[in-house]
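Since the structure comes first, as structure tokens, the remarks are kept for the end.
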Amino acid sequence: MVSLEEELELSMTYENFEDVPARKAASRRSVEDFNVPAAAPGMKMYRLVVVSFGLLCILQAALNISLRLTLFSQPNSLTEERDEMKRIYLDLEAGCNNLTEERDDLKRTLENYVSQQNSLTEERDEMKRINLDLEAGRNLLTEENHGLKRTLEEYAHYLQQGWVYFSGSFYRISSTMKPWQDSRRDCQQRGADLMIINSQEEQDFSRQYKNIIWIGLMDRDTEGEWTWVDGTQLTTSFWHSGEPNNYDKRNEDCVNINHHDHTNSWNDAPCENEYFWICEKKM
Ligand code: MAN
Ligand code: CA
């Protein structure tokens, strides 16, 4: 004989494996064996318990399935999420690389622009300097041009007045006779001075005039210290022999060309004596 509890236990253990119709028959048989009427309240309770137990099993199975689904689907979604994150990361990385390249490109462009600008600034400054130099050169040339114009006008003027050009100077012999000081004043009024002789050539040139003529040499300030009208001291001299001599104890402080037929033609004479004179305009 099998007790009700034992039967219940068996049913719980072998529910999935036993042949249900056979079991049902056995149940029926055991019920018949116990002689329990079919509609008895104990039977009802038994059936209720069995059904409840079956429902519980189904519930558990459903729970198992849903848990399994949840557990197995979670790693998948994590992997997907990870892959998605990976993709996003790769996209971001690529974007970042692109931005870095773009930034480097812009940097290079900026550097090029800056260096270009620097070289343009240098060029501009160089051009400015050149321009200033050219301007200075032009001003110099303009000045020179004006100077040359003035010189040319002077040349024209002295030539028109009958002056003779020799070795960088114009010369003029007077047509009247005056004392040394008046002679000098006449030369100065013409923009010139009495002749200064600095070379053998000039000395030879001076001898072509056959009259006695004053030149720009004197020792009025200090006796024996011969000075040219431009303030320079006498270095190369062409005194006639015996001169200067303050002849006959006279004060002969001014110089003239007296002996034209001699290379050394100079003579000292009293300044108040009247002679012709020769002016020189240095050009
Ligand atoms: C004249 C003047 C003098 C000069 C003598 C030379 O007297 O010209 O100055 O020294 O001649 O004999
Ligand atoms: Ca003399």
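The values are calculated or read from the model by the stated rules, or taken from the named source; none is laboratory data. Predicted, not measured: the structure shown is a model, and the values here were computed from it. Here Cβ is always computed from backbone atoms with ideal geometry, including for glycine, and neighbour counts include all displayed protein chains. For the accessible areas, the whole protein counts, side chains as well, though only heavy atoms, and no ligand, DNA or RNA atoms are used. Shrake-Rupley method; radii C 1.70, N 1.55, O 1.52, S 1.80 Å.
Residues checked against (1) open to solvent by less than 100 Å² (accessible area, probe 1.4 Å); (2) at pLDDT 95 or above:
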position	(1), (2)
GLU81	no, no
GLU84	yes, no
ARG103	no, no
SER115	yes, no
ARG129	no, yes
GLU143	no, yes
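Looking at this structure, is GLN188 open to solvent by 50 Å² or more (accessible area, probe 1.4 Å) and either in contact with a Gly (Cβ under 8 Å, 6 or more places away or on another chain) or within 19 Å of SER265 (Cα to Cα) (or both)?
Judged against the criteria, GLN188 is not a match.
Assess whether GLY191 counts as being in contact with a Lys or Arg (Cβ under 9 Å, 6 or more places away or on another chain), under 30 Å from LEU234 (Cβ atoms), part of a loop (DSSP other than H, G, I, E, B) and in contact (Cβ under 8 Å) with a residue 40 or more places away in the chain. Can you show your working first?
Details: in contact with a Lys or Arg (Cβ under 9 Å, 6 or more places away or on another chain): yes; under 30 Å from LEU234 (Cβ atoms): yes; part of a loop (DSSP other than H, G, I, E, B): yes; in contact (Cβ under 8 Å) with a residue 40 or more places away in the chain: yes.
So GLY191 fits the description; yes.
Is it the case that region 262-269 has a residue that's within 27 Å of LEU152 (Cβ to Cβ), touching an Asp or Glu at 6+ places or on another chain (Cβ under 8 Å) and not hydroxyl-bearing (Ser, Thr, Tyr)?
Our first condition is that a residue be within 27 Å of LEU152 (Cβ to Cβ); within region 262-269, this holds for none.
Taking every residue of region 262-269 in turn, none turns out to be within 27 Å of LEU152 (Cβ to Cβ), touching an Asp or Glu at 6+ places or on another chain (Cβ under 8 Å) and not hydroxyl-bearing (Ser, Thr, Tyr).
Only residues in region 240-266 that are in a loop (DSSP other than H, G, I, E, B) count as the first member; pair them with residues that are near ligand 2 (Cβ under 8 Å from one of its atoms) and of a type in the set (A, V, I, L, M), Cβ under 9 angstrom, at least 6 apart or cross-chain, and list the lot.
ARG250/ALA269; GLU252/ALA269; ASP253/ALA269; ASN258/ALA269
Tell me, please, whether a residue that is away from ligand 1 (no atom under 12 Å from the Cβ), closer than 18 Å to ARG184 by Cβ and either open to solvent by less than 70 Å² (accessible area, probe 1.4 Å) or not β-branched (Val, Ile, Thr) (or both) can be found in region 234-243.
yes
Against the conditions (1) surrounded by fewer than 20 Cβ atoms within 10 Å (Cβ to Cβ); (2) touching a residue at least 12 places away in the same chain (Cβ under 8 Å); (3) more than 16 Å from ligand 2 (Cβ to nearest atom), where does GLY231 fall short? Just the number, please.
With (1) surrounded by fewer than 20 Cβ atoms within 10 Å (Cβ to Cβ); (2) touching a residue at least 12 places away in the same chain (Cβ under 8 Å); (3) more than 16 Å from ligand 2 (Cβ to nearest atom) applied to GLY231, the lone miss is (2).
Just name the residue that is nearest to ligand 2 (Cβ to nearest atom) out of those in region 238-267 that are among the hydroxyl-bearing types (Ser, Thr, Tyr) and over 21 Å from CYS279 (Cβ atoms).
So the residue we want is TYR247.
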